Amino acid sequence: MTEKMFNAGKIINTHGIKGEVKVLRITDFEERFSPGNVLYLEKGDGQQLELKIAAHRIHKGYDLIRFVGYETINDVERFKGDYLKITEKQLTELDENEFYYHEIIGCDVYTVNDEKIGVINEILSPGANDVWVVKREYGKEVLIPYIEDVVKQVDISANKVVIEPMEGLLD
């Protein structure tokens, strides 16, 4: 499969003896884990295994998933540490002013005065809004809150973000 793949979760452990895995979610879309949906498990050697979800529940802040045909802990033990992925075709349509992380990371950041600040190299999700980490050519990183007052324009096709820095943001 040469299609582009995106992380939806990471299997961090098994749960019980009936083939459930404990998943750390890396997606905003809970429906990714609905029974009947397909995820792809990517092994360290690049091999991909297609897995159909048999059951899903949330327990203590983690997603617990069971896959069709994997009925015991022995069947899923080897999945620990592996990522669950989706294909590009499985991506959900987003609303206006919503973006996938992979669309934002790598964008050049400019001020409204067309001064280049740097390139977005990471996105943090600490709370109410995302924070975009901008790597400067020189100096320390800049943390840009993804809020209307600061982010004025996002042009994915041009790989460009325009911001109006708040006082002290670029210091």
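The values are calculated or read from the model by the stated rules, or taken from the named source; none is laboratory data. These numbers come from a predicted model, not from an experiment. Don't worry about glycine lacking a Cβ; one is built from the backbone with ideal geometry, like all the others, and counts go over all protein chains shown.
Please specify each residue of region 150-171 satisfying the condition of being in a loop (DSSP other than H, G, I, E, B) and within 20 Å of Glu103 (Cα to Cα). Passing the criteria: Val150, Ile156, Ser157, Ala158, Asn159.
Which count do you get for residues in region 120-129 that are in a loop (DSSP other than H, G, I, E, B) and modelled with pLDDT of 85 or more? Quick ask: steps written out before the conclusion?
From region 120-129, those in a loop (DSSP other than H, G, I, E, B) are 125-129; that's our starting set.
Narrowing the set further to residues that are modelled with pLDDT of 85 or more leaves none.
Residues in region 120-129 being in a loop (DSSP other than H, G, I, E, B) and modelled with pLDDT of 85 or more: 0 in total.
When Glu3 is tested against (1) over 30 Å from Ile147 (Cα atoms); (2) of a type in the set (Asp, Glu); (3) modelled with pLDDT of 85 or more, only condition (3) is not met.
You will find that of Ile117, Ile147, Ile86, the residue that is part of a strand (DSSP E or B) and over 15 Å from the mean Cα position of the chain (by Cα) is Ile117 and no other. For beta carbons closer than 9 Å, sequence separation of 6+ or different chains, a first residue in region 95-111 that is within 22 Å of Ile26 (Cβ to Cβ) and touching a residue at least 40 places away in the same chain (Cβ under 8 Å) and a second that is basic (Lys, Arg) and part of a strand (DSSP E or B), the qualifying pairs are Cys107/Lys160. Restricting attention to region 97-114, which residues are at pLDDT 80 or above and in a loop (DSSP other than H, G, I, E, B)? Ile105, Gly106, Cys107, Val112, Asn113, Asp114, listed by residue number.
Suppose we keep only residues that are at pLDDT 80 or above and among the small types (Gly, Ala, Ser) within region 27-56. Which one would you say is surrounded by the fewest Cβ atoms within 10 Å (Cβ to Cβ)? It would help to see each step written out before you state the result.
Let us first name the residues in region 27-56 that are at pLDDT 80 or above, namely 32-41, 48-56.
Checking which are among the small types (Gly, Ala, Ser) leaves us with 34, 36, 54-55.
On the way: Ser34: 11, Gly36: 9, Ala54: 16, Ala55: 15.
Filtering region 27-56 for residues that are at pLDDT 80 or above and among the small types (Gly, Ala, Ser), the one surrounded by the fewest Cβ atoms within 10 Å (Cβ to Cβ) comes out as Gly36.
Any chance region 70-85 includes a residue that's modelled with pLDDT under 95, among the polar types (S, T, N, Q) and touching a Lys or Arg at 6+ places or on another chain (Cβ under 9 Å)? Within region 70-85 (the criterion being modelled with pLDDT under 95, among the polar types (S, T, N, Q) and touching a Lys or Arg at 6+ places or on another chain (Cβ under 9 Å)), the answer is no, since none of the residues qualifies.
Scanning region 120-144 for residues that are more than 17 Å from the chain's Cα centre (by Cα) and under 13 Å from Asp108 (Cα atoms) turns up Val134, Lys135, Arg136, Glu137, Val142, Ile144.
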